[in-house]
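One structure is given below, encoded as structure tokens.
The values are calculated or read from the model by the stated rules, or taken from the named source; none is laboratory data. Treat the numbers as computed from the prediction; the structure is a model and nothing was measured. Here Cβ is always computed from backbone atoms with ideal geometry, including for glycine, and neighbour counts include all displayed protein chains. Keep in mind that these areas ignore ligands, DNA and RNA; they rest on the heavy atoms of the full protein, side chains included. Shrake-Rupley method; radii C 1.70, N 1.55, O 1.52, S 1.80 Å.
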Amino acid sequence: MNNRFPRSRGYTLLELMVTVAVVALLATIAATSYSQFTLKAHRTEARTALLDLASLEERYLSTNPSYSAAPTDLGYAGANWAAVPIGNGYYQVQGVTVTAPILSLAPGVPSTPATFSFTMVPAPGSVQVNDTACASFTVTSQGARTATMQGGADNTATCW
């Protein structure tokens, strides 16, 4: 018996919908993993930039009597830290604290050394503003490295 319309061998609508659902699920997982990976990669850039700033401050101190709060003294172009691009622009320097040394002339009273502290936060409009786990990084002249979450809770162990 020769049929005028041979039965076609294709996929049913149900099979097609299951395939689309599986592909959508895999794409969602991949996109989430990728975005977490890029946030972590940009954190590395912030940490590296902070450690570079710390080394530049130490170099400045080796030839001057104190640390400097001016970006131009450390080799950056910009009158203030808000105007200085850091790395690829995902982070910016938010807080710079520099204290001058206090020399004590009284016997038995110790002198206070010069100190610095740099804090870096995500730049407005960058993808790093979505990084709530590591919202800020800080490094000090004493070698302390800290990081905080978006609410201000300490998250140094995870971020550094």
Out of Glu45, Glu15, I need the residue that is among the charged types (D, E, K, R) and loosely packed, with under 14 Cβ neighbours inside 10 Å. Which one? Glu15
Filter segment 62-79 for residues that are touching a residue at least 12 places away in the same chain (Cβ under 8 Å) and either of a type outside the set (D, E, K, R) or open to solvent by less than 30 Å² (accessible area, probe 1.4 Å) (or both) and give the result. Pro65, Ser66, Tyr67, Ser68, Ala69, Pro71, Leu74, Gly75
Can you spot a residue in segment 104-118 that is closer than 30 Å to Ser35 by Cβ and either at pLDDT below 85 or touching a strand residue (DSSP E or B) at 6+ places or on another chain (Cβ under 7 Å) (or both)? yes
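Out of Gly95, Gly10, Gly78, I need the residue that is at pLDDT below 90 and at positive phi. Which one? Let's see the steps before the verdict.
On the way: Gly95 fails: at positive phi; Gly10 fails: at positive phi.
Of Gly95, Gly10, Gly78, the one residue that is at pLDDT below 90 and at positive phi is Gly78.
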Which residues, counting only those in segment 125-157, are assigned to a helix (DSSP H, G or I), within 27 Å of Val98 (Cα to Cα) and β-branched (Val, Ile, Thr)? Val129, Thr156
Scope segment 48-90; condition aliphatic (A, V, I, L, M), touching a helix residue (DSSP H, G or I) at 6+ places or on another chain (Cβ under 6 Å) and not in a helix (DSSP H, G or I); matching residues: Val84, Ile86
Could you grab me the full set of residues in segment 129-156 that are in contact (Cβ under 8 Å) with a residue 24 or more places away in the chain, open to solvent by less than 40 Å² (accessible area, probe 1.4 Å) and farther than 28 Å from Arg59 by Cβ? Asp131, Ala133
Is it the case that some residue within segment 80-91 is surrounded by fewer than 10 Cβ atoms within 10 Å (Cβ to Cβ) and aliphatic (A, V, I, L, M)? no
Looking at Cys159 and the list (1) hydrophobic (A, V, I, L, M, F, W, C); (2) open to solvent by less than 60 Å² (accessible area, probe 1.4 Å); (3) free of Cβ contacts under 8 Å to residues at least 40 places away in the same chain, which single condition is not satisfied? (3)
Please work out if Ala31 is hydrophobic (A, V, I, L, M, F, W, C), open to solvent by less than 80 Å² (accessible area, probe 1.4 Å), at pLDDT 85 or above and not in a strand (DSSP E or B). no
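Return a yes/no flag: does segment 7-23 have any residue that is outside any helix (DSSP H, G or I) and of a type in the set (Lys, Arg).
Keep residues of segment 7-23 that are outside any helix (DSSP H, G or I), which gives 7-12.
Subset that is of a type in the set (Lys, Arg): 7, 9.
Yes, that holds for at least one residue.
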